[in-house]
1. Report yes if GLU209 is acidic (Asp, Glu) and touching a Phe, Trp or Tyr at 6+ places or on another chain (Cβ under 7 Å), otherwise no.
2. Among (1) modelled with pLDDT of 95 or more; (2) more than 27 Å from GLU33 (Cβ to Cβ); (3) of a type outside the set (Phe, Trp, Tyr), which single condition is GLY194 missing?
3. Within the stretch 106-115, which residues are in contact (Cβ under 8 Å) with a residue 60 or more places away in the chain and of a type in the set (Phe, Trp, Tyr)?
4. Tell me, which residue of the stretch 151-164 that is in a helix (DSSP H, G or I) and not polar (S, T, N, Q) is most open to solvent (accessible area, probe 1.4 Å)?
5. Given the stretch 60-144, what strands (runs of 3 or more DSSP E) lie entirely inside it while holding 1 or more residues that are surrounded by fewer than 17 Cβ atoms within 10 Å (Cβ to Cβ) and among the β-branched types (Val, Ile, Thr)?
6. Considering only the stretch 187-236, state which residues are among the polar types (S, T, N, Q) and touching a Lys or Arg at 6+ places or on another chain (Cβ under 9 Å).
7. Only residues that are more than 17 Å from GLY144 (Cα to Cα) and open to solvent by less than 40 Å² (accessible area, probe 1.4 Å): list them for the stretch 25-59, please.
8. Checking ASN237 against (1) open to solvent by less than 40 Å² (accessible area, probe 1.4 Å); (2) at pLDDT below 95, which test does it fail?
Amino acid sequence: MSDTANCKSENWYASWFDTPYYHILYKDRNYREAQIFMDNLTHYLNLPEKAKVLDLACGKGRHSIYLNQLGYDVIGADLSENSIAEANKNANETLHFVVHDKREPFDQKFDAIFNLFTSFGYFEKEEDDSKTLLAIKDSLSEYGFAVIDFMNAQQVIDNLIPEETKEVDGIIFHIKRNVAEGFVIKEINFEDNGCSYHFTEKVRAYTLEDFQRMMTEAGIYLLDTFGDYKLKKFHKNTSERLIMIFK
């Protein structure tokens with residue numbers, strides 16, 4: 001057995017999301033539920049036909065592809081070069097993928113910008129999350145809307161499972177969770193092909209009040225909040241998600 005594989009980089013998300021193991025661990029995610037969420041969102045936003053949509057932090061593009069199938073002109077953007085290379089296999093005239101840092105605004109404007117499935121709060125410094133909010137605001141068209149779909153931090157912390165083991169595709173993932181310095185932290189350890197691996201996920205435990213403060217500072221208008229993918233009302237202690245519509 002070799003020592004722990006050197007999988008760390010300065011930013012955890014730059015290495016972990018680029019490995020095949022990330023996609024193995026989370027392969028059982030409910031994508032039908034995700035599609036229903038996007039059906040509900042696009043209906044609620046009343047997006048025009050062939051609207052320009054940005055899927056920010058798109059991963060391998062599964063949701064970008066579905067949004068494109070709904071008839072929208074979609075760009076999927078992600079920092080992971082491997083994920084974008086995979087996503088590009090599905091590109092067409094109205095579906096494009098780009099490697100992009102979400103702290104940077106786009107040159108073009110969008111009718112809707114979606115940041116889905118807790119793809120926010122990864123940075124060590126809050127100012128980088130504030131830059132992301134500003135970049136989203138600056139990339140919206142005059143009548144455009146943005147959506148951040150985040151974990152409900154209070155509910156996650158209240159129901160945190162400190163330790164569990166998951167076996168997926170013959171790989172046994174040992175997962176530990178804790179809350180420290182304002183982050184929900186997940187430590188992931190496993191072995192494969194004679195190597196030991198260790199990865200850490202860190203997501204800042206932002207509350208609705210935190211987002212309201214950052215949005216006010218950025219000159220952003222929070223229009224509505226929902227607590228699940230069926231767009232039910234947000235309840236601080238019980239809702240599964242914190243979904244925010246803003247411009």
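The values are calculated or read from the model by the stated rules, or taken from the named source; none is laboratory data. Everything numeric here is computed off the predicted structure, so don't read it as measured data. Every residue, glycine as well, gets a Cβ built from its backbone with ideal geometry; the counts of neighbours run over all protein chains shown. Accessible surface areas use protein heavy atoms only, side chains included; no ligands, DNA or RNA. Shrake-Rupley method; radii C 1.70, N 1.55, O 1.52, S 1.80 Å.
1. On the way: acidic (Asp, Glu): yes; touching a Phe, Trp or Tyr at 6+ places or on another chain (Cβ under 7 Å): no.
Here the answer is no, as GLU209 does not meet what is asked.
2. For GLY194, the failing item is (1).
3. So in the stretch 106-115, the residues in contact (Cβ under 8 Å) with a residue 60 or more places away in the chain come out as 111-114.
Listed by number, the list holds a single entry, PHE114.
4. Here is the first cut: in the stretch 151-164, the ones in a helix (DSSP H, G or I) are 153-158.
Checking the rest, the ones that are also not polar (S, T, N, Q) come to 153, 156-158.
Numbers: ALA153: 4, VAL156: 38, ILE157: 67, ASP158: 89 Å².
Selected residue: ASP158.
5. Details: elements: 73-78, 95-99, 110-115.
Those strands (runs of 3 or more DSSP E) span 95-99.
6. Correct list: ASN189, THR200, THR207, THR225.
7. LEU25, TYR26, ALA34, PHE37, ALA57, CYS58, GLY59
8. Tallying (1) open to solvent by less than 40 Å² (accessible area, probe 1.4 Å); (2) at pLDDT below 95, ASN237 fails exactly one: (1).
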